[in-house]
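Note sheet for the following structure.
Computed from the coordinates by the stated procedures, all read-outs in this text should not be read as laboratory data. Remember, predicted model here, so these are calculated numbers, not experimental data. Using ideal geometry, Cβ is built from the backbone for each residue, glycine included, and neighbour counts are taken over all protein chains shown.
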Amino acid sequence: MFTPKYPPQDTAPAPAPATVQTPAVQAPAPAVPVAAPASNQPTVQLTPGSALALAAGGGAVVLVVGAVLVSMLLAVAITAISVAVTAVVLRFLITDLRKGH
């Protein structure tokens, strides 16, 4: 079941030995200027109005991302403060219980 199964040997004929041919000497072709192919892709042209809209959109994205990051930082800070207050209260309660005995 776990023995490997090998594919059959390749039965293609061996390639013929390559023959060496000397290339014929040709005169160099005259230099002809070649025109660049025309691009089919439309070019993007920004008008002052579209540039202003793009800048406003980018500014809005920066403000939204900044607000999200600040709110996440604020949530972490509030959580840290509440954990610290809880630790102080627990320490006070444990100390009070030990003094009572």
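Distance between the 7 Å Cα→Cβ label points at residue 70 and residue 46: 2.6 nm. In terms of surrounding Cβ atoms within a 10 Å radius of their Cβ, 10, 96 rank from fewest to most as 10, 96.
The ranking of 47, 11 from fewest to most other beta carbons within 10 Å of each one's beta carbon is 11, 47.
Extension gain, residue 63-residue 26: 0.36 nm per intervening residue step, less the Cα-Cα distance, totals 6.6 nm.
Projecting label points 7 angstrom from Cα along Cα→Cβ for residue 80 and residue 1 puts them 5.8 nm apart.
The ranking of 2, 92 by Cβ neighbour count inside 10 Å, starting from the fewest, reads 2, 92.
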